[in-house]
1. Only one residue in 249, 224, 263 is surrounded by 17 or more Cβ atoms within 10 Å (Cβ to Cβ), farther than 22 Å from residue 78 by Cα and touching a residue at least 12 places away in the same chain (Cβ under 8 Å), so which one is that?
2. Please specify each residue of the stretch 1-36 satisfying the condition of being free of Cβ contacts under 8 Å to residues at least 60 places away in the same chain, touching a helix residue (DSSP H, G or I) at 6+ places or on another chain (Cβ under 9 Å) and in a strand (DSSP E or B).
3. Got a number for residues in the stretch 231-246 being surrounded by fewer than 17 Cβ atoms within 10 Å (Cβ to Cβ) and touching a helix residue (DSSP H, G or I) at 6+ places or on another chain (Cβ under 7 Å)?
4. Pull up the stretch 44-54, narrow it to residues that are out of contact with any helix residue (DSSP H, G or I) (no Cβ under 7 Å at 6 or more places or on another chain) and surrounded by 18 or more Cβ atoms within 10 Å (Cβ to Cβ), then point me to the one that is nearest to residue 192 (Cα to Cα).
5. Exactly one condition in (1) closer than 28 Å to residue 245 by Cβ; (2) out of contact with any strand residue (DSSP E or B) (no Cβ under 7 Å at 6 or more places or on another chain); (3) surrounded by 18 or more Cβ atoms within 10 Å (Cβ to Cβ) is not met by residue 66; state its number.
6. Taking the condition of being at pLDDT below 75, at positive phi and part of a loop (DSSP other than H, G, I, E, B), how many residues in the stretch 65-92 meet it?
7. Please determine, by comparing only the residues of the stretch 152-165 that are free of Cβ contacts under 8 Å to residues at least 60 places away in the same chain and either within 20 Å of residue 219 (Cβ to Cβ) or in contact with a strand residue (DSSP E or B) (Cβ under 9 Å, 6 or more places away or on another chain) (or both), which one is surrounded by the fewest Cβ atoms within 10 Å (Cβ to Cβ).
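The values are calculated or read from the model by the stated rules, or taken from the named source; none is laboratory data. This structure is a prediction, so every number in the text was calculated from the model and none was measured. Counting neighbours? That spans all protein chains shown, and the Cβs are built from the backbone with ideal geometry, glycine included.
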């Protein structure tokens, strides 16, 4: 069984549990977390005895987003070299995304508390999402000067309605109940039933032939990735991570004040 410092990896029969484990900072994602997540996805995908994974967070929240001090306040030369706030070293698109696995096994997110920024992307790109009542989802990158196009593409693929426009343009948070209404997630349950509901879905999946399930996972991820890839190519040329507004958004967050943006 692989050992990590910032996540916990467990296997029980055919189900793998991957737990974000930095509860003292609401599981904020550093370069190390992203790297270890990439390795965990690889381990799960390559294990012939593992068929379904459940992704969850330890403590008060699933994931509060990127570790702003480390990832978004990098020196400018690092931002230029990496092409964005991500460390650029992790397997599978920075570790958070599901990348291009060999076996295309289903992953269920069990989300509670907050799924902000990186955490929203991480949870909502899983194949199924169960959320505890009152969980808040937000693409905080929009308010920091990043990822407007990619956020919209992912939301549009999942919902197919103007909810994607609203979330991508306003950058506001939405509750699990509202996310369910728009088809962004699959279930809303009491906190006490969060993991057990994810396990029930996993057991339903395990009743089916693995190769049939994986063909469905592969096609739904492919279409979602294709739309996001095109949005990413458009956004890449904008170099939003090098703008003054992006730096101001990250700095204001750390200084606990309202940012002042100037459109440059």
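1. 224 is the lone residue from the list that is surrounded by 17 or more Cβ atoms within 10 Å (Cβ to Cβ), farther than 22 Å from residue 78 by Cα and touching a residue at least 12 places away in the same chain (Cβ under 8 Å).
2. Within the stretch 1-36, 7, 9, 11, 16, 17, 18, 20 meet the criteria.
3. 3
4. Of everything passing the filter in the stretch 44-54, 44 is nearest to residue 192 (Cα to Cα).
5. Condition (2) is where residue 66 drops out.
6. Within the stretch 65-92, residues that are at pLDDT below 75, at positive phi and part of a loop (DSSP other than H, G, I, E, B) number 3.
7. Step by step, filter the stretch 152-165, then rank; the result is 160.
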